[in-house]
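To keep things clear, I will list the structure first and then write my remarks on it.
The values are calculated or read from the model by the stated rules, or taken from the named source; none is laboratory data. What you see is a predicted model; the values in this text were computed from it and never measured. Note that we place each Cβ from the backbone using ideal geometry, even for glycine, and neighbour counts take in every protein chain shown.
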Amino acid sequence: MPYFSFLPMLADTVLHGGPTGSGILMSITGVGALLAALQLTFAGQIGAMGPWPLRAAVMLALAQVLLGLSQHFWLSAIIAAPIGFAILTQNLTSNSLLQHRVPASPSQL
């Protein structure tokens with residue numbers, strides 16, 4: 001997750017938000033992740049999640065490109081929510097699909 005490593009530097013150096021700005025961006029990223037968790041909680045059948053990891057990866061890539069181009073703090077803050085949403089969606093759906101498709105015991109291989 002390089003996003004979480006470079007976010008404080010981005011908030012301070014590019015967006016001139018300092019530690020407070022970094023905290024705001026991290027918090028808004030967390031709000032996006034919380035929304036993804038709620039969506040996944042009520043998603044229904046796991047089989048329908050098949051395309052979600054790819055869609056989340058595309059969303060994450062586009063949002064990070066937009067964040068890299070942004071020079072305004074509050075625009076970057078708005079972009080942080082979809083980044084959190086996409087990171088959590090990609091990770092959780094990938095892991096859930098993998099666990100669902102792996103046989104329950106070695107005898108089923």
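Filtering LEU60, LEU97, LEU54 for residues that are touching a residue at least 12 places away in the same chain (Cβ under 8 Å), under 16 Å from the mean Cα position of the chain (by Cα) and on the phi < 0 side of the Ramachandran plot leaves a single hit, LEU60. Taking region 1-104 and the helices (runs of 4 or more DSSP H) fully enclosed by it, the elements with 1 or more residues that are surrounded by 15 or more Cβ atoms within 10 Å (Cβ to Cβ) and modelled with pLDDT of 95 or more are at 18-41, 52-69, 73-101.
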